[in-house]
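First up is the structure itself, then whatever we jot down about it.
The values are calculated or read from the model by the stated rules, or taken from the named source; none is laboratory data. Computed from a predicted structure; not experimentally measured. Reconstructed Cβ throughout: ideal geometry from the backbone, glycine too, with neighbour counts over all protein chains shown. Just so you know, the surface numbers come from the protein's heavy atoms only, side chains and all, with ligands and any DNA or RNA stripped out. Shrake-Rupley method; radii C 1.70, N 1.55, O 1.52, S 1.80 Å.
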Amino acid sequence: MRRISTWAGRNRIAITILLGCFLCQAWSVGQDLPSAKPEAVGLSSERLERIATAVQRSIDDKRIAGAVTMVVRHGKVAWIKSQGMMDREANKAMRPDAIFRICSMTKPITSVAVMMLHEEGKILLDDPVSKYLPEFKNPKVLVKQAGGEPYTIPAKNEITIRDLLRHTSGITYNWNSDLGPMYEKAGVASGLLQYDGTIGDSVKALAGLPLLFNPGERFEYSLGVDVLGRVVEVVSGQPLDEFFRTRIFEPLGMKDTYFFPPENKLDRLATAYTYYEGQGLNRFPDTPIREGAFVYSADYPSRGPKKLFSGGAGLVSTALDYARFCQMMLDGGKVGNTRLLSRKSVELMTQDQLGKIGPDQGFGLGFGIEGVKGPLSDLGSVGEYNWGGFFYTGFTIDPKEQMIVIFMGQLHPTGGLTLDHEVNVLAYQAIND
């Protein structure tokens, strides 16, 4: 080996070593959760590889461009793998720290923010939302009659904070055939399209429109969590992005989670794709897609006014970042010495809040809950809780098995692809303790 004797050469070596140490440290900080061999946390390395096989099959079949999968058990990362392409057309390989549009996986984070304020005595769950947002006073319900024009009647009761958390408010989403056109005409934001206004503007427009049913009567997945985002702003006196950053993301070490990622991180934003039968897998078009009154885009995190902090759909994140959030929930509201919630709040959020009024799946305060209204439909545990996002992302938190499973893709429509469910099953079949 040639001896390097010059001052510049020696310094190049020193700089290289320091840079290597810095990169290793940066990965460690970015990962945050410690790693362990699968067998050390009761998982089979061989069986976990079945996750990679399933993901690769979907990539080879051109059903998805790429994905990141992650399994955490007993607080340690036993599996994280990036496969396929982050941008197929640019030949950019998927990377573990790729940033994904997590859409409705924003909802659990907003729900945690609400519960933090609840714990501080600033919000009660059965408070009417009009206490904080007066525009929701005296709501009306839409009535449709056969062969006649629809009309409205006064609602039997007001929307409560609990209704918004468990989706029993009577609010719906822009894709609803009855109220969706009204939402579009009034300028109500879905969170998945550029919007020249704030969450306050959108929620005020929403408050002036009728409800689908009387609050508390039934479950309807809705923009109610966007309303909660506005409640957080009003009660805390902070914009939602600032509350998230200072009260949740920084304490948990979530360094890559934003409503609008900074320019120097946009190269890590995974490309979104569509899959239509007969057309195959294609890059999401430059123009928005319209489905009735529902219009959505893929470039809302990087282009446009960037003023809408959608509490129900707006965030982007990484698998590593979201695992930190999941671990906080799994650890009863804290990570290490950082406590966001009490254990009792986590227990309340992760038990069914719907009873007989809900669908077959249980739903708590921000999370879907499995096995509480009937037998489990697949491998898992009674009481595991989960949710997913519009662009094909999802997570499962299992208190019994002390396990977290995260799937991150970027695909909509999915063409009926069930890879996310398959990954979840394959994580469970890898348990060997």
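Summary of values
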item: Cα shape, segment 95-209, gyration tensor, a/c 1.5 rule; result: oblate
item: Glu250-Asp433 FRET efficiency (beta carbon distance; Förster radius 25 Å; 0.05 resolution); result: 0.10
item: Efficiency of FRET between Thr53 and Asp267 - r from beta-carbon atoms, R0 45 angstrom, step 0.05; result: 0.95
item: Helical contribution to [θ] at 222 nm, DSSP H n ≥ 4, -39,500 (n - 2.57), averaged over the chain, rounded to 500; result: -8500 deg cm²/dmol
item: Overall form of segment 32-110 per C-alpha gyration tensor (a/c, 1.5; a/b vs b/c); result: oblate
item: Computed label-point distance, nm, for sites Ser130 and Gln145 using a 7 Å Cα→Cβ extension; result: 2.5
item: Protein accessible area in segment 203-263, 1.4 Å probe - carbon and sulfur %; result: 49
item: Accessible surface, per residue, of segment 275-433 when the full set of protein chains is kept, probe 1.4 Å, Å²; result: 39
item: Inter-label distance for Lys37 and His74, nm, one decimal - labels placed 7 Å from Cα along Cα-to-Cβ; result: 1.3
item: Solvent-accessible surface (1.4 angstrom probe) belonging to His74, in square angstrom, nearest 10; result: 90
item: Extension gain (nm, one decimal) between Asp178 and Lys62, 0.36 nm per residue minus Cα-Cα; result: 38.2 nm
item: Alpha carbon centroid spacing (whole Å) that separates segment 30-79 from segment 82-155; result: 29
item: For peptides 141-149, 207-215, 53-61, sequence by mean Cβ density within 10 Å, most packed first; result: 207-215, 53-61, 141-149
item: GluC sites (Glu not before Pro) restricted to DSSP loop in segment 208-240 with at most 10 other C-beta within 10 Å; result: none
item: Under 20 Å from the Leu376 label point (7 Å along Cα→beta-carbon), backbone N, segment 389-412; result: 394-407
item: Residue-by-residue Karplus 3J(HN,Hα) for segment 283-294, coefficients 6.51, -1.76, 1.60, Hz, glycine and proline x; result: 4, 4, x, 5, 9, x, 9, 10, 10, x, 7, 8
item: Subset of Lys37/Lys400; Lys81/Lys255; Lys255/Lys344 violating a 23 Å alpha-carbon distance limit; result: Lys255/Lys344
item: Segment Glu119-Gln279, extension gain: residue separation times 0.36 nm, minus the distance between their alpha carbons; result: 52.6 nm
item: Of all accessible heavy-atom area on segment 308-433, the percent that carbon and sulfur account for (1.4 Å); result: 50
item: DSSP H segments from the chain that extend 30 Å or more along their own axis, Cα-based, with Kyte-Doolittle mean of 0.0 or above; result: 7-31
item: Computed magnitude of the charge dipole of segment 244-354 (debye, nearest 20; Cβ of K, R +1, Cβ of D, E -1); result: 500
item: Choice from Thr106, Thr168, Thr287 with maximal GNM fluctuation in the chain (Cα, 10 Å cutoff); result: Thr287
